[in-house]
Structures are given as structure tokens and as C-alpha cells.
Amino acid sequence: TSVFAGVLAVATCAFLAATFLVNEARSRRSEELEHYFTVRGIASGVVTGVLAVIGIAILHADAEGFYDQLVGGAIPVLAVSAVGGIGAVVALVRRQPVLARGFAVLAVAAVVGGWGVGQYPDMLPGEITIEQAAAPSATLWALVVVVVLAAVLIAPALAVLLRLSQQDLLDDALLDEVAAENSPSL
């Protein structure tokens, strides 16, 4: 089960990366790279889907308790993942990279959500529950405050950077100029 989870995670990352890079290649008007990543996105999507189906058999043989919980409560979430994965591959075939990206994110998020639903309420099945593994309340609230502050302070800058990058408004000369202005003088 552990090896399967690792292989599925790597395949999922390859699928997401290739799908996102198709759109990036298109925005840079590189037909060669767009084709390259489209082929890899389709292939990695198919491989990831096959691995997910094989994983059901692996879980049935190796982790029956988790398998029972997964099949019992997480089937609707996993069905959403299947729809997302198939939708992403179809969108890649139809040369619709933005749609493919959305479907790929849906597929991956649903796999992660399905895993959580199938494992709930356990953190480690049969060993420790989420409630037993949780940090003290004060620690959790401190973490919430830090995350909110980070989001408020960092998210706007990241949004501007992403916008400038996606609109191809960042170039090497501008980056060199900003770096020169912000570097200490010797």
C-alpha cells in the first residue's frame, strides 16, 4: 500500500505538471512544446487512471479495513476524480488546455479528498484517530492566525507576480533592474 501510494503520487504530479505546461507552452506560442506536453499529459493521465484502478485491488489485498471504508463512503468522491481525469484527457485531446487544467485539478483534489474520506476518522488506520493526533487547541489557533496573516501579507504579492508572469510582462531587463535596485552596494 505504501509503495502504491508513492507511485500514485508521482504519477499524479506528472499528470498535473504536463497538463499545466501545455497551457504555458501555448501562451508562449510554442507549438512544439505544446504538442510535447500534450502527449505526456494524455499518457500520464491514462497511466494515473490505470494505477488508481489497480490500487483498488492492492488495497483490497493489503489493507482491507481501509478498502472497506474507501468503498463504503468515498466512492462518490472517487467518481468525481474519475470524471475529472477523463475530462482532462479529453480536453487535452481536443486541444483545450485551460479546460484540461481545471479537470486535472478536480481529479487530483478528489483523489486526495477520497483518500481522506476513506480514512476518516483515522490518521493511521487502526492505530490513532485524527482527534488523538491533533495538537492542543492553543497550538491549532496559533497556526490559524499565522496562516491568515501569511495569506493577507503574501497572497497579493503572489497574485501580482502571477499576473505579470502570465501576461508576459516580466522580462530579463526588468528583472535585472529590480535586482540591481535591491542588491546592497559594495
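The values are calculated or read from the model by the stated rules, or taken from the named source; none is laboratory data. The shown structure was predicted, so the numbers you read here are calculated from the model rather than taken from an experiment. Cβ coordinates were reconstructed from backbone atoms using ideal geometry, including for glycine residues, and neighbour counts include every protein chain displayed. These area figures cover heavy atoms from the full protein model, side chains too; ligands, DNA and RNA do not enter into them. Shrake-Rupley method; radii C 1.70, N 1.55, O 1.52, S 1.80 Å.
Quick notes
- Backbone N within the stretch 70-106 under 20 Å of label point (7 Å from Glu24 Cα along the Cβ vector): 88-89, 92-93, 95-106
- P(r) tail, the stretch 49-138: Cα-Cα pairs separated by more than 21 Å, 42% of all pairs.
- Under Karplus coefficients 6.51, -1.76 and 1.60, residue-wise ³J(HN,Hα) of the stretch 142-153 in Hz, glycine/proline x: 4, 5, 4, 4, 5, 5, 5, 4, 4, 4, 5, 7
- With a simple spin-label model that places each label point 7 Å from the Cα along the Cα-to-Cβ direction, the separation between Val90 and Met123 comes to 4.1 nm.
- Scattering from the chain was approximated by placing one identical point on each alpha carbon and applying the Debye formula without solvent; log10 I(q)/I(0) at 0.14 1/Å stands at -0.97.
- Atom-type composition of the exposed protein surface of the chain places 70 percent of the accessible area on carbon and sulfur (1.4 angstrom probe).
- Amide hydrogen neighbours beyond the local backbone of Met123, cut-off 5 Å, H modeled: Ile128, Thr129, Ile130
- Panel note: the C-alpha atoms of the stretch 1-45, placed on their principal axes, show extents of 42, 14, 9 Å (largest first).
- Couplings 3J(HN,Hα) for the stretch 27-33, derived from phi with the Karplus relation 6.51 cos²θ - 1.76 cosθ + 1.60 (θ = phi - 60°), are 5, 8, 6, 10, 4, 4, 5 Hz, where x marks Gly and Pro.
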